[in-house]
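For reference, the structure is listed below as structure tokens.
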Amino acid sequence: MPLVTIEVADTVPVEKRHAYGEAVNAGLVEGLGMDAEDRFQVIHPLPADHIIADPHYLGGDRRDVVYIRILMVKMYDAATKVKAFDAIARNLEAEGVRPDDVFIAITENTLDDWYPGARGVR
Amino acid sequence: MPLVTIEVADTVPVEKRHAYGEAVNAGLVEGLGMDAEDRFQVIHPLPADHIIADPHYLGGDRRDVVYIRILMVKMYDAATKVKAFDAIARNLEAEGVRPDDVFIAITENTLDDWYPGARGVR
Amino acid sequence: MPLVTIEVADTVPVEKRHAYGEAVNAGLVEGLGMDAEDRFQVIHPLPADHIIADPHYLGGDRRDVVYIRILMVKMYDAATKVKAFDAIARNLEAEGVRPDDVFIAITENTLDDWYPGARGVR
């Protein structure tokens, strides 16, 4: 039950934003072994100058960063997370996002923290 | 000091969005035993197609999901969280949200992580 | 690698929103000893009535709250967080935000949870 948040410049066309969502989902399927149907995402289009990232800190050359936040149950080791990061970045690159512009942050919780609808089974 | 985030389609009228906020607050009061005045909420209206949820994964029949994120201090057990989930869903149903369309995710932190204004006492 | 989210009323002028971002960044530099270049921020302008805060709960006199969320690696003690809170509030006051209207919440994760671009080094 990852819940994915994508913060992207509103200058990115709507169909492209949706393609980003699909790219992230496919990356989680590949990297975490997640079910493809386990897709829960919110896309926030924002003014481009409201998405701020230092261009070079920690390395790389950032220009038009897409922020991806993943809230998920604590159950994956560091190597698995790296697989997911790499798969997401690769998939986003196919949609025109430079790999330096992919910024991902994970937050973890537990299974008790989810309510997936009244008839959803955690 | 829960901080609640509600992500809702911008096709939902403004007064309804506020009713959702009140429904969530009352659910936390009932389920967690929270003070009614402990209300800190941000409502994000978004294009309906930017709020993505698989219609059937984990069960249920999702159509117009409302995402509710709750950031709160780690101090409640699983049964208490279930009480809050159920109360929130029941209150939202009274406002016209189908219980299958309520999706809640909790993230926990500690008391040290809050600054409720300069004169606020944690 | 803190990732900062600022939720602010869209009645606040754009240049002021950016000043808020700089104020928060300078506060983290002063309070946490963070590098000034370690700046990753997203500003969400929202309708003023979508940013809800009880006016007096826990103390203070809230009127036009600015929510600041900080996602960062778990590595700072409570006293250090207080230093950051105080520095952020002081810097925001210089930009016209009443200290009672500053509301900050921290969420913590680990170094494994970050992907700062393809060539970024964690």
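For the reader, a short list of remarks on this structure follows.
- Spatially proximal lysines relative to B:Lys81 (Cα-Cα < 27 Å; intrachain offsets below 8 disregarded): A:Lys74, B:Lys16, C:Lys74
- Peptide C:97-108, shielding by other chains (average Cβ, 10 Å cutoff): 6
- Inter-part distance where segment B:51-84 and segment A:30-98 are each reduced to a Cα centre, Å: 22 Å
- For segment C:1-110, GluC sites (Glu not before Pro) are listed when DSSP marks them as loop and at most 13 other Cβ atoms sit within 10 Å of their Cβ; the list is C:Glu37.
- In terms of its C-alpha gyration tensor, segment C:83-122 comes out prolate, because a/c is 1.5 or above and the ratio a/b outweighs b/c.
- Ranked by the mean number of other Cβ atoms within 10 Å of their residues, highest first, the peptides A:99-107, A:72-80 fall in the order A:99-107, A:72-80.
- From largest to smallest, the equivalent ellipsoid semi-axes obtained for segment B:36-89 from the alpha-carbon gyration tensor read 24, 18, 9 Å.
- Per-residue average of Cβ from other chains inside 10 Å of A:43-54: 6
- Residue-averaged 222 nm ellipticity for chain A, from DSSP H runs of 4+ at -39500 (n - 2.57), nearest 500: -9500 deg cm²/dmol
- Note on chain C: with a GNM built from Cα contacts shorter than 10 Å, the maximum mean-square fluctuation among C:Arg98, C:Arg17, C:Arg63 falls on C:Arg63.
- Taking C:Val66, C:Val24, C:Val82 in turn, the Gaussian network model of chain C (Cα-Cα springs below 10 Å) assigns the largest fluctuation to C:Val82.
- Nearest-to-axis residue of chain A, judged by beta-carbon position, where the axis maps A onto B, in Å: A:Thr107, 3
- Under 15 Å from the Cα of B:Lys83 - aspartates and glutamates, other chains or at least 8 residues apart: A:Asp112, A:Asp113, B:Glu30
- Chain B: angle of helix B:78-94 to the longest principal axis, Cα-based, in degrees nearest 10: 50 degrees
- Debye log10 I(q)/I(0) at q = 0.20, 0.24 Å⁻¹ for segment B:1-109, Cα point scatterers: -1.06, -1.46
- The long axis of helix A:14-32 is offset from the longest Cα principal axis of chain A by roughly 50 degrees.
- Top positive-direction residue, dipole computed over chain B with Cβ charges, set B:Leu58, B:Gly117, B:Ala79: B:Gly117
- Among beta bridges identified by DSSP and lying wholly in chain C, the antiparallel ones come to about 25 percent.
- Tail fraction, Cα-Cα pairs, segment A:53-117, threshold 13 Å, whole percent: 69 percent
- Look at the Cα gyration tensor of the protein assembly as shown: its axes a ≥ b ≥ c give a/c under 1.5, and that counts as rounded.
Quick note: the coordinates plus some simple rules give every number you see, no bench work behind them. The model shown is predicted, which means the values in this text are computed figures rather than measured ones. Note: ideal-geometry Cβ built from the backbone for every residue, glycine included; neighbour counts use all protein chains shown.
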